[in-house]
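Structure first, then comments.
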Amino acid sequence: MSNVLQFPPFATLPILCRSNTATRLGLRNIPPSAVVANLHTLAEKVILPLHEIYLENLNITSGYRSHDLNRAVGGSVHSQHITGHALDFTVSGKLPSVVVSELIELLPSFDQMICEFESWIHISYVSEKRNRKQVLKAIKQGKKTVFMPF
């Protein structure tokens, strides 16, 4: 039996690590092995179910971010993207708020799901025992991002 983690073809490690910002700025965005294991769990517990629900309409826009990349995109210093526990995505033809409303009922487990500025969805998975099933929306108030219950 192989110890190599297998990722689904629509959520390979290169897909989960790709970043136009990293490429543009010449940043390395290669996760350490512990983060790869987290990304594999994220693929199994979140991305596979998302793909089953939305098929080819699922668009992964951000997965793993190195500390340098996270800083470059203005991410939180506590971002779950850094640890491989989170991804951002859209679903073609659906408003993010509609997708979040659907997923509250359809996904059995997640840590956090955020409808971000009605532009994309952030979702994370930590572990069955530590997932909060927290659902929020992010909006701008002036220059500040505010998180509130969905």
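Counting Lys and Arg as +1 and Asp and Glu as -1 over every other residue whose Cβ lies under 14 Å from the Cβ of GLY75, the net charge comes to -1.
A 1.4 Å probe run over the chain, with the rest of the protein chains in place, finds 57 Å² accessible per residue. How much net charge surrounds THR12 when only other residues with a Cβ under 14 Å from its Cβ are counted (Lys, Arg +1; Asp, Glu -1)? That works out to 0.
Per-residue ellipticity at 222 nm, computed for the chain from helices alone with -39500 (n - 2.57) per DSSP H run of at least four residues, works out to -8000 deg cm²/dmol. The Rg/Rh ratio of the chain, with both radii computed over alpha carbons and Rh defined as the Kirkwood radius, is 0.95. Phi-derived couplings, Karplus 6.51 cos²θ - 1.76 cosθ + 1.60 at θ = phi - 60°, listed residue by residue for the range 23-29: 4, 4, 8, x, 8, 6, 10 Hz, with x used for Gly and Pro. Sorted largest first by accessible area at a 1.4 angstrom probe radius, with every protein chain in place, the residues PHE7, PHE117 fall in the order PHE117, PHE7. Seen through its C-alpha gyration tensor, with square-root eigenvalues sorted a ≥ b ≥ c, the range 76-120 comes out oblate because a/c lies at 1.5 or above while a/b is not bigger than b/c. Solvent-accessible area of the range 1-113 (1.4 angstrom probe, protein heavy atoms only): carbon and sulfur portion equals 56 percent. Placing dummy labels 7 Å off each Cα toward the beta-carbon, the span from VAL77 to ARG132 is 1.8 nm.
Using C-alpha pairs under 8 Å with a sequence gap of at least 6, the mean separation divided by the residue count of the chain gives a relative contact order of 18 percent.
The values are calculated or read from the model by the stated rules, or taken from the named source; none is laboratory data. Note that this is a predicted model, so its numbers are computed, not measured. No Cβ is skipped: glycine too gets one built from the backbone with ideal geometry, and neighbour counts run over all protein chains shown. For the accessible areas, the whole protein counts, side chains as well, though only heavy atoms, and no ligand, DNA or RNA atoms are used. Shrake-Rupley method; radii C 1.70, N 1.55, O 1.52, S 1.80 Å.
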